[in-house]
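Peer 1: The structure that follows is given in the form of structure tokens.
The numbers here are math on the coordinates, done by the rules we state, and not lab data. Predicted model, so just to flag it, every value in this text is computed and none were measured. As a convention, Cβ positions derive from the backbone with ideal geometry for all residues, glycine included, and neighbour counts pool all protein chains shown.
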Amino acid sequence: MSKIIETNLINNVVVIKTEGYLNNDLGEEIEKITKKYIETGNKVFLINLKDSKIVNSIGASILIEIIEQLQDIDGELVLCELAPIIEKTFKIMGLTKYCSVYGTQDEAIKGLA
Amino acid sequence: MKKNPSVELKLPVLKNMELVATNTSEVVSKHMDLSEEKSAEISMALIEACINAFEHSETKEDIYIHFIISDENLTIKVIDKGVGFDSSAIKLPNIEDKVGTQERKRGWGLMLIKELMDSVDFESDHTGTTLTMVKKKTDNE
């Protein structure tokens, strides 16, 4: 129903691409993979939500936990390809104060270079 | 007087059942000719209302959702038979209080519902809660 469909390292950015409902389960999957990459020294993470058109606040809350973990290592979380309602939800929560949002993955990678 | 048409759902407290509610709200929104933006806002608010009913009502009993269609707006009632709550006692969250602190990261549901819908009201006591939320069909009504 919802899963991580791709994880790539592009220009020192860990790109995590998801599919489906960003709920508790998918949020925890993202957190797990983020921790794994942090342990190997990575600090910059891009989550591509192109194929996740729906979110709940529990999934979004897990992103706050990831932001905290990255703050501890001077890292950064970036998001791209958000459906308008997801972007609006993250704005209402104030999440976008703590992570940049890009229209496309290419723009995000360029912006992080 | 003409009775407003309504759609009624009964949801068991099972994982991801909120998506059954959003599927229905999308059909109702389309029927009412609501914009995609409004339809998405309704779905998001409904997800949060269902999660609140599933998690915070502390009930294993089914949740009832009524969609009431009128010419001017869509009214959605989310009804649970749980323990009830005092909405005035709930502090709306602030992300600055959550990032880098020991504060629980969750607790956004009510705030999101209030921001995404045109009006929100609660009736709650120890026998359950009815959340009523309204989306106007057009912004100038």
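Peer 1: Taking the options B:Ser29, B:Ser43, name whichever one is farther than 24 Å from A:Leu26 by Cβ and in a helix (DSSP H, G or I).
Peer 2: Details: B:Ser43 fails: farther than 24 Å from A:Leu26 by Cβ.
Just a single option satisfies the conditions, and that option is B:Ser29.
Peer 1: Here's something else I'd like to know. From the residues in the stretch A:38-68 that are more than 13 Å from the chain's Cα centre (by Cα) and closer than 21 Å to A:Tyr102 by Cβ, which one is farthest from the other protein chains (Cβ to nearest Cβ)?
Peer 2: A:Asn42
Peer 1: Just to be sure before I move on: is A:Asp74 acidic (Asp, Glu), in a loop (DSSP other than H, G, I, E, B) and within 14 Å of chain B (Cβ to nearest Cβ) in the structure I sent? Lay out the reasoning, then the answer.
Peer 2: Values: acidic (Asp, Glu): yes; in a loop (DSSP other than H, G, I, E, B): yes; within 14 Å of chain B (Cβ to nearest Cβ): yes.
Yes, satisfied.
Peer 1: Does A:Lys110 fit the bill of being over 15 Å from A:Ile16 (Cα atoms), in a helix (DSSP H, G or I) and more than 14 Å from chain B (Cβ to nearest Cβ)? Break it down stepwise before answering.
Peer 2: On the way: over 15 Å from A:Ile16 (Cα atoms): yes; in a helix (DSSP H, G or I): yes; more than 14 Å from chain B (Cβ to nearest Cβ): yes.
Against the criterion (over 15 Å from A:Ile16 (Cα atoms), in a helix (DSSP H, G or I) and more than 14 Å from chain B (Cβ to nearest Cβ)), A:Lys110 qualifies.
Peer 1: Another question about this same structure. Would you mind listing the strands (runs of 3 or more DSSP E) fully within the stretch B:68-141 where at least 3 residues are surrounded by 18 or more Cβ atoms within 10 Å (Cβ to Cβ)? Walk me through it before giving the result.
Peer 2: Numbers: elements: B:73-80, B:119-125, B:128-136.
Of the strands (runs of 3 or more DSSP E) lying wholly inside the stretch B:68-141, those with at least 3 residues that are surrounded by 18 or more Cβ atoms within 10 Å (Cβ to Cβ) span B:73-80, B:128-136.
Here is a yes/no grid of residues against (1) touching a Ser or Thr at 6+ places or on another chain (Cβ under 7 Å); (2) without any contact (Cβ under 8 Å) to a residue 24 or more places away in the chain; (3) hydrophobic (A, V, I, L, M, F, W, C):
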| position | (1), (2), (3) |
| --- | --- |
| A:Gly41 | no, yes, no |
| A:Val44 | no, no, yes |
| A:Ser52 | yes, no, no |
| A:Ile73 | no, no, yes |
| A:Val78 | yes, no, yes |
| A:Leu82 | no, no, yes |
| A:Phe90 | yes, no, yes |
| A:Val101 | no, yes, yes |
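Peer 1: Now for a different question. I want to confirm something. Restricting to the stretch A:77-107 and keeping residues that are β-branched (Val, Ile, Thr) and outside any helix (DSSP H, G or I), which single residue is surrounded by the most Cβ atoms within 10 Å (Cβ to Cβ)? Outline the logic, then answer.
Peer 2: Step one: filter the stretch A:77-107 for residues β-branched (Val, Ile, Thr), giving A:78, A:85-86, A:89, A:92, A:96, A:101, A:104.
Pick out the ones that are also outside any helix (DSSP H, G or I) and you get A:78, A:101, A:104.
On the way: A:Val78: 20, A:Val101: 17, A:Thr104: 12.
Filtering first and then ranking leaves A:Val78.
Peer 1: Kindly provide the set of residues from the stretch B:21-60 that are aliphatic (A, V, I, L, M) and surrounded by fewer than 16 Cβ atoms within 10 Å (Cβ to Cβ), ordered by number.
Peer 2: Of all residues in the stretch B:21-60, those aliphatic (A, V, I, L, M) come to B:21, B:27-28, B:32, B:34, B:40, B:42, B:44-47, B:49, B:51, B:53.
Within the stretch B:21-60, just B:Val27 meets the criteria.
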